[in-house]
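What follows is a single structure, written as C-alpha cells, with notes after it.
The values are calculated or read from the model by the stated rules, or taken from the named source; none is laboratory data. Bear in mind that the values here come from a model prediction, so they are computed numbers and not experimental data. Cβ placement follows ideal geometry from the backbone for every residue including glycine, while neighbour counts extend to all protein chains displayed.
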Amino acid sequence: MFGVWLGLWLVVGCGQPAVEREEQTSRASALWGAQARTRIAGGSTYSLMVRSDGTVWAMGENTYGQLGDGTLSHRSSPVQVQGLSGVVAVAAGSYHSLAVRSDGTVWAWGNNNTGQLGDGTTSHSSVPVLVEGLTRVVAVAASVQHSLALRSDGTVWSWGNSIQPTLPPVQMQGLSGMVAVAASFSHSMALRSDGTVWAWGNNNAGQLGDGTTSQRALPVQVQGLSGVVAMAAGYQHSLAVRSDGTVWAWGYNGTGQLGDGTTSDRTRPVQVQGVSGAVAVAAGGYHSLAVRSDGTVSAWGYNSFGQLGDGTMSSRTLPVQVQGASGAVAVAAGSTHSLAVRSDGRVLVWGYNYYGQLGDGSTIPRLLPVQTQAAIRGVSVAAGSNHSLSLRPDGTVWAWGFNFDGQLGDGTTSTRTVPVRVQGLSGVAAVDAGSNHSLALRSDGTVWAWGNNSSGQLGDGTTNQRSLPVQVQGLSGVVAVAAGTSCSLAVRSDGTVWAWGNNIFGQLGDGTTINRALPVKVQALSGVVTVAAGSYHSLAVRSDGTVWAWGDNSNGQLGDGTMSNRTVPVKVQGLSGGVAVAAANTYSLVVRSDGTVWTWGWGFDSYGQNVLPVQMQGLSGVVAVVADSSHSLAVRSDGSVWAWGLNTEGKLGDGTTIDRTLPVRVQGLSTAVAVATGFYHSLAVRSDGSVWTWGSNSSGQLGDGTTISRTLPVRVQ
C-alpha cells in the first residue's frame, strides 16, 4: 500500500507548510487549503520528502546527521529517517531538519551547535529528538542556526541562534494571526492572515523589505506589499506571491535572484518580470523558483550548478522556464539544487549533486530535471479477493470489481467493470483491501471502512455489512493501515498498533482469540512504522528495523523457529534492517534496507517450508513487496515489477499461465511505483499515475470494462 498527497512548499533551508484554520480570513484560508499537503524540503545540500504513511525520507549530505538515519554517511538514494511516523510537514535548514507530527509535536535532528534542535542541549543528533515545550504546531521553518514554529493559535516560536540566542523555544513578540513562516541564513518572515508580511533579523542587503538596511530584533512590516498568499526566504533575499499571481522580490541581487533584469539590491519589493499566474515560490541560496497555475516552473538567479534547470550554467536576471517540469504543483530549493513535485506525484530534481542530494542514485550534477528514485508515490492501489481500489492524488478513492458485500463503497451491491467513486470520502492518504472489505486512512488520522463485517472487521462496533464508508470507532492519529482477510490493523503516530475483526488464531495480538468489533491494542509492541495483515497472521516493522509477528503459525509464517500460534507478537529471528513487509496466507516477506527480500513459512516458491527467514535469490534493489494467498509481487528501484507463485489466469503477468517458483518480470510494465495483489489478480501504479491490472477478471476486477482475464497488464479505464 503506497500513496501520497502532495501540495505546495516553499523553502531555502526552510519549509513552509500550511494547515487550514477556522479563524483565518478567506484569503488566508485559500492559501492554507492550497498548501496543506506540503511534503518536500530542500536543505543546503540535502533533501527531505514525506510519504503518505507519515514516514520521512532523506538524501544528500549527512555530515551532522541531518538525514536522520542514525549515521553520518552521505546518501545518493533516499533513506528513511529513523523512529519518526505520523509526519505531516518537514523543513530543511543548512545542516538540521524539522518535522511536524500529526499530534502537533515538533521533532528535530542534525546540527545543534546553537541549540537549533530545541531539545535544551547543543549536542548533534543523527536521529530525531523532541523539541521541548511545543504543542499544536502546524508549520515549521529551519535556517542555518535557528528554527521557527507556527502554532494553531497564530503565534510564532523561535529557538537557536538568531538575533537573540535561545535553547528552548520562546514566543516571538509582536506577531499574532500568522498563517505561515519562513527562515533563511539570518532573517525570518511571517505571513499574517490579512496578507501582510513581517520580517526580522539581518538586513545588510535590505532582505527585510522595510526600506532600510538596519538589523531588526523585532518584526517590521515589509513595505508596499499586500494581498500576499505565499512567501519564501533565500540566503539574503526574499520572495512573495500576491493573490493576483504576481511575484515580488527584495534584498540581495548580485546574481539576478530578484528577477527584475538588474543586479541591484532592493530594500523594498520590486516585481519579478515576466511571471504571472504564480501560485508558489521557493528561494535558494542565490536563485529563485516559481510555480505557475499552468504547472510550469520559472527560475532565475545564480546558475553555475544548473539549478535553474534550463540546460545551461548561465545565470539569469530574468526568469527562464525550467525544461521538462510540466504539471508542477510544488517547488523547493536548496543552496544550489532545486526540486519540483508534479501533480502525478513524481519528484523532479536538478542542479548540484555532489552529495547525492538529487536522490537519483548518482552524484552527477543535472542541468535538466531528472526523477528522484521512488520514495514518493503519486497514487496507491489495493486489491481484495475480487475487487480493486485506487487512491487518486486528489484524495478520492475509486473502486471496481465484485461488490456483493458493498466493498466498492458506492452505496450499492452491484458489480462494476469500470471504476466508481467511493462515496463520502475525501482527503484520503492511504487505502487497503481485505478479502471483501476495504479501508481508507484520511489525512486527519481517522480510519474508514466498508464492505463485509461478519467478524467486526469494519471496527464500528457492529457486525453489519456496510456499502458506504463508516468511521472506525475510538481510533485517531493513525498513520498506516492494513487489511487482512477479515481483520484490520492500524498504526498510530505514537508507534502503537491497533487491531479489530477476526481473531481465531490470535492475529489481533491482544493475547486472546476473541473477535473484536472495536479496535484493541496489540500487546507489547511499540515504535512501529509499518504493518501487514495476512489471512490469519500479522506482521510489524519497528523503527529499529526488527520485524515482529503474531497469529497463525501452522506453516512457520511467524519466523520464530517454531510452528506454534502466537496471540501476542514475537520477534522474527535472524532478521534486521527491515523496511517493508507483506503477509500472505501461509508465508511472509520482508524487504531489508539493502534491497534484498527474505521469506519464511510455506510459499509457492522453490524454498519449501521454512520456520526462519531465508533470502530470495534473483531479487535485488527491491523497494516494495506484496503477497496474496498464492502469489507475490516485488517492485525494484528501476520501476520493474517481478512476480512468482501460482499463475492462475495469468496473475503473474508474464503472458503465460505457468506457475513460477522463482521471480519473473511482469511484461510490458515499467516505471512502477506501487503494486497490489488480489486473490487471482494484480495491480500496479506507474509513475505517470496510470493504473494497470492483469489476471482474473470474472467480476470486472481489472477495471478495463470487460470480464476477460488477462495474462499481460491492461490499463484501467
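When every residue of segment 503-513 is checked against the conditions, at least one turns out to be assigned by TED's automatic domain parsing to the domain that holds residue 553 and either among the charged types (D, E, K, R) or under 20 Å from the mean Cα position of the chain (by Cα) (or both).
Taking the options 299, 282, name whichever one is at pLDDT below 95, touching a strand residue (DSSP E or B) at 6+ places or on another chain (Cβ under 6 Å), among the aliphatic types (A, V, I, L, M) and crowded, with 24+ Cβ neighbours inside 10 Å.
On the way: 299 fails: at pLDDT below 95.
Answer to the selection: 282.
Note on segment 542-608: enclosed strands (runs of 3 or more DSSP E) holding 2 or more residues that are at negative phi and modelled with pLDDT under 90 are 578-583. Being among the polar types (S, T, N, Q), under 21 Å from residue 355 (Cβ atoms) and outside any loop (DSSP other than H, G, I, E, B) holds for only one residue in 97, 147, 73, 44, and it is 97. Listed by position, the strands (runs of 3 or more DSSP E) contained in segment 380-427 that have at least 1 residues being buried (at least 20 other Cβ atoms within 10 Å of the Cβ), in contact with a strand residue (DSSP E or B) (Cβ under 6 Å, 6 or more places away or on another chain) and of a type in the set (Lys, Arg) are 416-421. Residue count for segment 198-214 under the criterion of being surrounded by fewer than 21 Cβ atoms within 10 Å (Cβ to Cβ) and either in a strand (DSSP E or B) or in contact with a Gly (Cβ under 7 Å, 6 or more places away or on another chain) (or both): the result is 2. Within segment 428-446, restricting attention to residues that are β-branched (Val, Ile, Thr) and part of a strand (DSSP E or B), the residue that is nearest to residue 489 (Cα to Cα) is 431. On the given criteria, is residue 153 part of a loop (DSSP other than H, G, I, E, B), surrounded by fewer than 24 Cβ atoms within 10 Å (Cβ to Cβ) and without any contact (Cβ under 8 Å) to a residue 24 or more places away in the chain? Criteria met by residue 153. Name the residues in segment 106-132 that are surrounded by fewer than 24 Cβ atoms within 10 Å (Cβ to Cβ) and either under 17 Å from residue 170 (Cα atoms) or charged (D, E, K, R) (or both), would you? Matches in segment 106-132: 114, 115, 119, 120, 121, 122, 130, 132.
For (1) assigned to a strand (DSSP E or B); (2) within 27 Å of the chain's Cα centre (by Cα), each residue gets a yes or a no:
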site: 449; (1), (2): yes, yes
site: 453; (1), (2): no, no
site: 456; (1), (2): no, no
site: 470; (1), (2): yes, yes
site: 475; (1), (2): no, yes
site: 479; (1), (2): yes, yes
site: 482; (1), (2): yes, yes
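Can you find a residue in segment 241-253 that is in the same structural domain as residue 327 (by TED's automatic domain parsing), over 27 Å from residue 327 (Cβ atoms), surrounded by fewer than 24 Cβ atoms within 10 Å (Cβ to Cβ) and out of contact with any helix residue (DSSP H, G or I) (no Cβ under 7 Å at 6 or more places or on another chain)? Break it down into steps so the answer makes sense when it comes.
First, pick out the residues of segment 241-253 that are in the same structural domain as residue 327 (by TED's automatic domain parsing): 241-253.
Retained after the next criterion (residues that are over 27 Å from residue 327 (Cβ atoms)): 250-253.
Keeping just the survivors that are surrounded by fewer than 24 Cβ atoms within 10 Å (Cβ to Cβ) gives 252.
So of that shortlist, the ones also out of contact with any helix residue (DSSP H, G or I) (no Cβ under 7 Å at 6 or more places or on another chain) come out as 252.
Yes: segment 241-253 contains one or more residues that are in the same structural domain as residue 327 (by TED's automatic domain parsing), over 27 Å from residue 327 (Cβ atoms), surrounded by fewer than 24 Cβ atoms within 10 Å (Cβ to Cβ) and out of contact with any helix residue (DSSP H, G or I) (no Cβ under 7 Å at 6 or more places or on another chain).
The one condition from (1) part of a loop (DSSP other than H, G, I, E, B); (2) among the aliphatic types (A, V, I, L, M); (3) more than 17 Å from residue 70 (Cα to Cα) that residue 117 does not meet is (3).
Here is a yes/no grid of residues against (1) modelled with pLDDT under 85; (2) over 30 Å from residue 49 (Cα atoms); (3) in the same structural domain as residue 693 (by TED's automatic domain parsing):
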{"site": "396", "(1), (2), (3)": "no, no, no"}
{"site": "411", "(1), (2), (3)": "no, yes, no"}
{"site": "429", "(1), (2), (3)": "yes, no, no"}
{"site": "437", "(1), (2), (3)": "no, yes, no"}
{"site": "466", "(1), (2), (3)": "no, yes, no"}
{"site": "472", "(1), (2), (3)": "no, no, no"}
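Among residues that are closer than 25 Å to residue 177 by Cα, over 32 Å from the mean Cα position of the chain (by Cα) and in the same structural domain as residue 338 (by TED's automatic domain parsing), residue 215 is included.
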